[in-house]
Amino acid sequence: MSGPYDVIVVGAGILGASTAYHLKRNGVARVALLERRAPAAGGTGKSAAIIRQHYSTPLLARLTREGIGMFNAMPDEIGASAGYVRSGWMFLIDDAMIEAARENVAMLQSSGIETEFLNDSDVAGRLPWLNPEDVAAVVYEPDGGYADPVRTTEAYVKGFGDLGGEVLVNTPVRGLLRRGDAVTGVFTDDGPVEAGNVVNAAGPWSKFLAESADIEMNLISVREQDTVWEARGDRPIPEVSISNGVDAIYLRPLGQRRFVVGRGFPKEYVTVDPYNYKETADEAFVADVQTRLERRFPPFVGARRIDAYAALYDVTPDWYPFIGPRDGLQGYFDACGGSGHGFKIGPALGCHLARWISENIVDEDFARLSYDRLAAGEMFVGAYGGNRA
């Protein structure tokens, strides 16, 4: 590869790909996107990719809303689809969650997001697949649903290339170049490559890349397991994405009566080495998910197990991403710490970060995502569900 570049983006997950695409769309001349394997080969590709705007802070709700607009615009704007399906999203809650959920729904509605509580007749008529025991209420969001994480990421990479960006796959970045208080490029297997700016979008591997240049990175990698099940027979099954707060599981349709099913919060999070972790699911986890799934959704009793696997979350102390520059450090931008939210907000994060880099323009609430919030003691706290937003 030839340098110097105006910007090098390290990592072609959803956030890196979106950032690179929007940098070129904003007119940045020389941009390179470097990926050690292939686009979406890390955590992005194994994301459940559930789309919902139901967040406890206006910022993440707004970013997801913007992302939905971007998913819809991709075929015309880029000439490729994100595989976005507006199936709707439902949130099952118990008595302990109702008060906070009401406050959250009111906040979202005031922001222009379409969301509501289903009444009892709606629940009885529209959810024939649900065991309603202990379910105190159901929140419904018609614009929610799901997308295809690999197709979305590949669409951004295609759009980036079409605009003249340089895509280099199978190109590991071994470290950052740093001179004093400035990051000036990266090290690859072919040697150093200079750049005016470097975006660290390496996901769970961002910590190691930052620390190669003595840049602090308070980030951990946790192992996230998922399963895939096929409902047998012809009983009605959900057609929407579901976050089941009562039983702490989530479901995402795949078609052909198949669903991705995983565990939601609260659950145990195990810190792992992203270079060396178990990529198959634990049998105890699979059995636990199956029990929860069959109890709440009777059509899945006797469902056929199709797959079970593990991926990674890159998790920040407050479960909100690190996005933007660092105080006192030139030429370096964080774009990591998706913490389980990364896919749905990734398109908008990349758009706003590209504007920050190319035009030095940033919204005040978005600027709060900078890593500098940790030193300032200004971490995010969700209204409910702890710090998981």
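See the values below:
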{"quantity": "From phi via Karplus (6.51, -1.76, 1.60), per-residue ³J(HN,Hα) for region 15-27 in Hz, x at Gly/Pro", "calculated": "6, x, 5, 5, 4, 4, 4, 6, 4, 5, 5, 7, x"}
{"quantity": "Filtered chymotrypsin sites (Phe, Trp or Tyr not before Pro), region 253-333: DSSP coil and at most 12 other beta carbons within 10 Å", "calculated": "Y275"}
{"quantity": "Top positive-direction residue, dipole computed over region 178-322 with Cβ charges, set G302, S206, V228", "calculated": "G302"}
{"quantity": "Dipole of region 286-389, positive direction: furthest Cα of L312, A348, G377, with charges on the beta-carbon", "calculated": "L312"}
{"quantity": "For peptides 13-23, 358-368, 95-105, 241-251, sequence by mean Cβ density within 10 Å, most packed first", "calculated": "13-23, 241-251, 95-105, 358-368"}
{"quantity": "Neighbour net charge for L63 - beta-carbon separation under 13 angstrom, K R +1, D E -1", "calculated": "+2"}
{"quantity": "Given charges at beta-carbon only (K, R positive; D, E negative), |dipole| of the chain in Debye", "calculated": "780"}
{"quantity": "Net charge of neighbours whose Cβ lies under 15 Å from the Cβ of S206, counting Lys and Arg as +1 and Asp and Glu as -1", "calculated": "-3"}
{"quantity": "Mean separation of Cα contacts under 8 Å (6+ apart) over length of region 226-290, as relative contact order %", "calculated": "31"}
{"quantity": "Highest-first arrangement of 133-145, 117-129, 227-239, where packing means the average Cβ count within 10 Å", "calculated": "133-145, 227-239, 117-129"}
{"quantity": "Pairs of lysine residues in the chain - Cα separation under 21 Å, sequence separation of 8 or more or cross-chain", "calculated": "9"}
{"quantity": "Difference of contour (0.36 nm per residue) and Cα-Cα distance, S110 to D363", "calculated": "89.1 nm"}
{"quantity": "DSSP-loop GluC sites (Glu not before Pro) across region 272-307, with at most 14 other Cβ within 10 angstrom", "calculated": "E279"}
{"quantity": "Magnitude of the charge dipole, region 192-256, Cβ model with Lys/Arg +1 and Asp/Glu -1, debye to 20", "calculated": "260"}
{"quantity": "Lys/Arg +1, Asp/Glu -1 at C-beta; region 12-122 dipole; positive extreme among L118, P58, A100", "calculated": "P58"}
{"quantity": "Projected area averaged over orientations for the chain, convex hull of C-alpha atoms, nm²", "calculated": "18.3"}
{"quantity": "Local electrostatic count at S111 - Lys and Arg +1, Asp and Glu -1, tallied over other residues with Cβ under 11 Å", "calculated": "+1"}
{"quantity": "Ordering of 27-37, 160-170 by packing [mean C-beta count within 10 Å, highest first]", "calculated": "27-37, 160-170"}
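Rule-based calculations on the coordinates, nothing more; no lab input. These figures come from a predicted structure and were not determined experimentally. Positions of Cβ are backbone-derived with ideal geometry, glycine not excepted, and every protein chain shown enters the neighbour counts.
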